[in-house]
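Here the structure is laid out as structure tokens; the discussion comes afterwards.
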Amino acid sequence: MIAAVLGQFSDFFRYLDRFWTGPVSLKALSIFRILIGGNLFILYSIRHFDLKFLFGDEAVVPYSMSLDILPPFYKPPFAFFPENFAQVELFHTFLMISLLMLTLGLFGRFFAIVALFFHVAFLQRNYAIVYGAEIVSCYWLFFLALADNSRYYSVRNLIPRLKRKGAGGDWLTTMAYRLIQIQICIIYAYTGWEKLRGNDWWTGEALWLVLGNEQLVVANWSFLKSFPVLLASMTHFTILFEIYFPVLVWFKKWRLVCIILGIGLHTGIIFVMGLFFFGVTMMSVYVLFLGDTLFQKSQNEGSLFASS
Amino acid sequence: MVLVPNEKAIQTRVAQNLILPYLNLFGFNTHWRFFSPGPMPALYMEYQLNKEVQNEDSTQSVDMIQERIFPKKKGGLFYSSSYIRRLYTLRHHGFNRERIENFFAPYFCRIHPESENIHFEFFTYKIPRIESFEEKIVYEDLERKMIHELNFQCDLEAPKASEEGKTQYRFLDEGDFKTEDEE
């Protein structure tokens, strides 16, 4: 009996080893890289025309008070945001260049780090204008910096001298891959649990309150008041999706269903509220869950604990 | 990843001195509250630029220069990044009187140097329940619910709010939103 129990533990640790350091789909990771890099590049290209209001001398938050708008719990240990408008323009240009390089797959890890640096610099400069896509992208850029993210679908592969040989991937890449998957589950879980504290979500009126908020929606959706049961059902579906996704997505039988429902949710948000960039930031992770199904796994050099 | 979204938890309080510096450095410290616990109401801001004028009988009065809305109403069907950023700026500051006085109001003084006094009104509309709704939302007909109302002296050296300012919401932590009635 002891041998059986020890056998179970051994199987469990072997599973963990395979999960955290085994082969993963580098093609899926490369698609993720393109989606995130391209999404952020377009978002910040649009933002580039508004730098004066957002980060310049004429911004709501003066340079000297950039960190003062953050509660103590959120203050960074040191700051590296641009301190005058010339630096703002320079930092933003470098940010866009690094995102473009990342999207094209040129030295993916390096440019992910560079992009993360400038991305966080602007978060520190003016946190008041930050929204969901930018906060979530911090995580994705960090994990991309750890991963071999430009093995496929990279401009580098078009240049024979720069094309890398070998299947690629390493245990750090797998860890980053898994951390991205786990992070999206954490985001959905906390958001869903937090919604359970809200009376509007229990009564099914939360979606109506969003649709009725002209500041948030791109069109007048008040005609939907004729379908109250539908609205209430969609409200409850949102909570159920966010709470159960983190668990069900790990089961092959439910994975595709979860992803299809997630695409439906975020596509609805894009059409109703116009939050295109946030939707892409969240949906881009789904390709990592489908990596095993859509693509062949990489041949990693070996797991951390077992020999290759 | 797991601890900091629940910032008030004992585990987070125990571990925060160790992990917070790293998390805040990378911008990882955030609570995931997308429309949670409930959708935030719309927040509107109207402001009035005033200038003190000397009357013929040597008394002083206040003349209104201009009335404006921030952010300007978006037009068109599609998403406007510029509008959304300004809206988020308003929402970040507008529910918190301290932020209004320290950041928001002085900003408007800077961009309107011609005004000596700015009157701010921050308000929201109560969206009717779905069952009692008319054919179409006409926002101007909805009941206004004042959140903050204050007169701000644009003294370049030390801008400050006058004592006549009223607040119907107490100082809040980031992300919280309660009225005195709901407590």
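The values are calculated or read from the model by the stated rules, or taken from the named source; none is laboratory data. Because the structure is a prediction, the values reported are computed rather than measured. Here the Cβ positions follow ideal geometry from the backbone for every residue, glycine too, while neighbour counts run over all protein chains shown. Areas reflect the complete protein model, heavy atoms only, side chains present, ligands, DNA and RNA absent. Shrake-Rupley method; radii C 1.70, N 1.55, O 1.52, S 1.80 Å.
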In square nanometres, what is the average projected area of the Cα convex hull of the range A:35-169?
8.9
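Probe radius 1.4 Å, ligands and nucleic acids left out: which of A:60, A:229 has the largest accessible area, and how do the rest follow?
A:229, A:60
Probe of 1.4 angstrom, ligands and nucleic acids ignored: what's the accessible area per residue over chain A, in square angstrom? All intermediate terms of the calculation are to be shown ahead of the outcome.
Working: 13880 Å² over 308 residues.
Here the residues of chain A average 45 Å² of exposed surface.
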Where does each of A:108-119, A:16-27 land if you order them by average Cβ count within 10 Å, highest first?
A:108-119, A:16-27
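Work out the mean other chain Cβ neighbour count within 10 Å for the residues of B:85-94 and drop it here as an integer. Please report the intermediate quantities before stating the final value.
Values: counts 10, 5, 4, 4, 8, 3, 3, 8, 4, 0.
Going residue by residue through B:85-94 and averaging, the value is 5.
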Test item: Cα-centred dipole of the protein assembly as shown, Lys/Arg +1 and Asp/Glu -1 on Cβ, debye
3260
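From the cross-link list A:52/B:8; A:195/B:126; A:195/B:72; A:52/A:195; A:225/B:8; A:75/B:145, which pairs have alpha carbons spaced over 26 Å apart?
Values: A:52/B:8 36 Å; A:195/B:126 20 Å; A:195/B:72 31 Å; A:52/A:195 36 Å; A:225/B:8 38 Å; A:75/B:145 33 Å.
Cα-Cα > 26 Å for A:52/B:8; A:195/B:72; A:52/A:195; A:225/B:8; A:75/B:145; rest within.
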Give me the percent of Cα-Cα pairs in the protein assembly as shown that sit more than 43 Å apart, rounded to a whole number.
22
Ignoring ligands, DNA and RNA and using a 1.4 Å probe, state the total buried accessible area between A and B in Å², rounded to the nearest 100.
6400
Would you grab the residues whose amide H sits under 5 Å from the one on residue B:147? Only those 5+ places off in sequence or on another chain, please, with H modelled 1.01 Å from N.
B:122, B:123, B:124
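At 1.4 Å probe size, with the rest of the protein present, what percent of the exposed accessible area of the protein assembly as shown is carbon and sulfur atoms? Intermediate results must be reported in sequence, preceding the final value.
Details: 15070 of 24410 Å².
Summing carbon and sulfur atoms, their accessible area is 62 percent of the total for the protein assembly as shown.
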Can you list the residues of the range A:105-130 with backbone N under 18 Å from a point 7 Å past the Cα of residue A:161, pointing along Cα to Cβ?
A:106-107
Descending principal axes extents, the range A:23-294, alpha-carbon based, whole Å
62, 52, 33
